[in-house]
1. I'd like the full set of residues that are in contact with a Phe, Trp or Tyr (Cβ under 8 Å, 6 or more places away or on another chain), hydroxyl-bearing (Ser, Thr, Tyr) and part of a helix (DSSP H, G or I), limited to segment 153-168.
2. Could you look through segment 16-40, keep only residues that are outside any strand (DSSP E or B) and among the polar types (S, T, N, Q), and pick out the one that is farthest from LEU134 (Cα to Cα)?
3. What are the residues in segment 134-170 that are of a type in the set (Val, Ile, Thr), within 23 Å of ALA303 (Cβ to Cβ) and exposed (fewer than 14 other Cβ atoms within 10 Å of the Cβ), if any?
4. Within the group VAL248, VAL199, VAL224, which residue is farther than 26 Å from GLU326 by Cβ and at pLDDT 95 or above?
5. Return yes when GLU289 is among the charged types (D, E, K, R), touching a Phe, Trp or Tyr at 6+ places or on another chain (Cβ under 8 Å), touching a residue at least 60 places away in the same chain (Cβ under 8 Å) and on the phi < 0 side of the Ramachandran plot and no when it is not.
6. Hey, any hits in segment 272-292 for a residue that's more than 30 Å from LEU169 (Cα to Cα) and assigned to a helix (DSSP H, G or I)?
7. If the Cβ limit is 8 Å and pairs must be 6+ apart or interchain, which residue in segment 296-321 that is within 19 Å of SER271 (Cα to Cα) and buried (at least 21 other Cβ atoms within 10 Å of the Cβ) pairs with which residue that is modelled with pLDDT of 95 or more and of a type in the set (Val, Ile, Thr)?
8. Residues of segment 23-38 being surrounded by 14 or more Cβ atoms within 10 Å (Cβ to Cβ) and either among the β-branched types (Val, Ile, Thr) or over 23 Å from ASN94 (Cβ atoms) (or both), which ones?
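The values are calculated or read from the model by the stated rules, or taken from the named source; none is laboratory data. The structure presented is a predicted model; accordingly, all values stated were derived computationally and were not measured. Quick reminder, even Gly has a Cβ in these numbers, built from the backbone with ideal geometry, and neighbours come from all protein chains shown.
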Amino acid sequence: MDNLAEITSHHDRHVLEKSLLKTLNELFPAQDLRLFRVRQHADNHELSLLAFCVNSVIVSADEPAKLQPSQSDLSEALSRAIAKGDVELAAGKNGDWNIIYPAFDSHGDIFAVLLISTNLVPSASDQRLVYSILRVYSNYLSLIEKTQKDKLTGLYNRETLDNEITKVLVRQSDHFAQEISSSNDSRRRSFAIKYWLGVLDIDHFKVINDSYGHLYGDEVIILVARLMSSGCIRDDDLVYRYGGEEFVVLLKAPNEEDAAHTFNRIREMISEHEFPQLKQVTTSIGFVEVLGQQSPSDVIGQADEALYYAKQNGRNQVQSYRELIEQGKIHHTSQVAHGDVELF
């Protein structure tokens with residue numbers, strides 16, 4: 001019971017994953033525990049490492065690494081466990097055993113797999129206990145996600161966005177000096193991935209609401225949300241409903257050119273989609289690099305200034321905060337609370 005209380009006492013997914021492995025390691029001491037996220041595609045699946053435990057040291061992966069078939073001789077066993085939706089036992093090279101447990105979400109789909117490497121084959125009762133703990137993890141994770149999602153669109157909500165930006169800023173503050181000064185190439189490469197935040201606003205949305213009604217306006221918001229999350233961004237980039245007709249995209253890209261390309265791809269995909277009655281809906285986007293700001297509101301405020309410029313200068317375009325500052329088209333000022341200016 002204490003172990004279950006430990007798992008359900010956290011509201012952060014990374015901490016929850018570490019607590020799950022800590023609980024399992026205490027109940028079933030093992031050489032190695034690994035938790036993978038599973039993304040199902042039409043003809044295959046993709047695995048990303050979420051957290052692992054080696055010699056009782058537990059680490060949660062902030063940047064989940066994808067597992068390629070060539071990287072692991074366990075890939076076939078993992079695939080079998082996912083395909084049959086049941087526990088899979090595979091003999092290791094050194095006389096140990098790899099036990100793989102699939103974890104199911106509320107829809108009955110496999111969203112994660114747990115790998116336990118141990119010297120002993122678990123009994124049937126031990127396997128049932130592991131499955132029960134995974135169900136607790138899955139159910140509690142589902143409850144957490146419901147509080148993090150916008151009810152209309154199913155996207156992450158504003159509070160979740162603030163937390164995610166804070167994590168990025170804190171991570172940069174904690175590791176900036178050591179990442180830059182490190183002689184380790186992999187550490188420098190990890191810092192080469194930069195974060196970019198874009199605020200997207202549906203153009204002329206007030207006219208849509210006034211002409212077709214708020215119910216249809218909600219349908220437009222839902223359609224835009226689906227388009228944004230349907231494949232134009234990577235799986236580990238995040239889309240949020242910020243409020244009203246505004247959305248936020250938090251993505252990773254090595255440079256501003258790549259970030260601008262992604263934001264423009266989002267804008268073009270929406271403008272090329274045929275909406276019922278309206279035919280076309282366009283959007284404007286302002287974006288900024290998440291780097292060195294004091295708070296989430298500062299980051300959003302800078303992207304919002306670029307968005308406001310885009311709205312005032314033709315709409316249906318993407319504008320970079322840094323470029324606008326350098327060109328003298330906007331001026332860096334003390335932050336104004338987001339939402340003071342209505343964009344329509």
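1. Matches in segment 153-168: THR160 only.
2. Of segment 16-40, the ones outside any strand (DSSP E or B) are 16-31.
Going one step further and asking which of them are among the polar types (S, T, N, Q), we end up with 19, 23, 25, 31.
Values: SER19: 12, THR23: 11, ASN25: 13, GLN31: 19 Å.
Checked segment 16-40; the qualifying residue farthest from LEU134 (Cα to Cα) is GLN31.
3. Those that are of a type in the set (Val, Ile, Thr), within 23 Å of ALA303 (Cβ to Cβ) and exposed (fewer than 14 other Cβ atoms within 10 Å of the Cβ): THR166, VAL170.
4. VAL224
5. On the way: among the charged types (D, E, K, R): yes; touching a Phe, Trp or Tyr at 6+ places or on another chain (Cβ under 8 Å): yes; touching a residue at least 60 places away in the same chain (Cβ under 8 Å): yes; on the phi < 0 side of the Ramachandran plot: yes.
Considered against the rule, which asks whether it is among the charged types (D, E, K, R), touching a Phe, Trp or Tyr at 6+ places or on another chain (Cβ under 8 Å), touching a residue at least 60 places away in the same chain (Cβ under 8 Å) and on the phi < 0 side of the Ramachandran plot, GLU289 comes out as yes.
6. Checked against the condition, which is being more than 30 Å from LEU169 (Cα to Cα) and assigned to a helix (DSSP H, G or I), segment 272-292 yields at least one hit.
7. LEU307/VAL199; LEU307/ILE285; ALA310/ILE285; ALA310/VAL318; VAL318/ILE285; GLN319/ILE285
8. Correct list: THR23, ARG37, VAL38.
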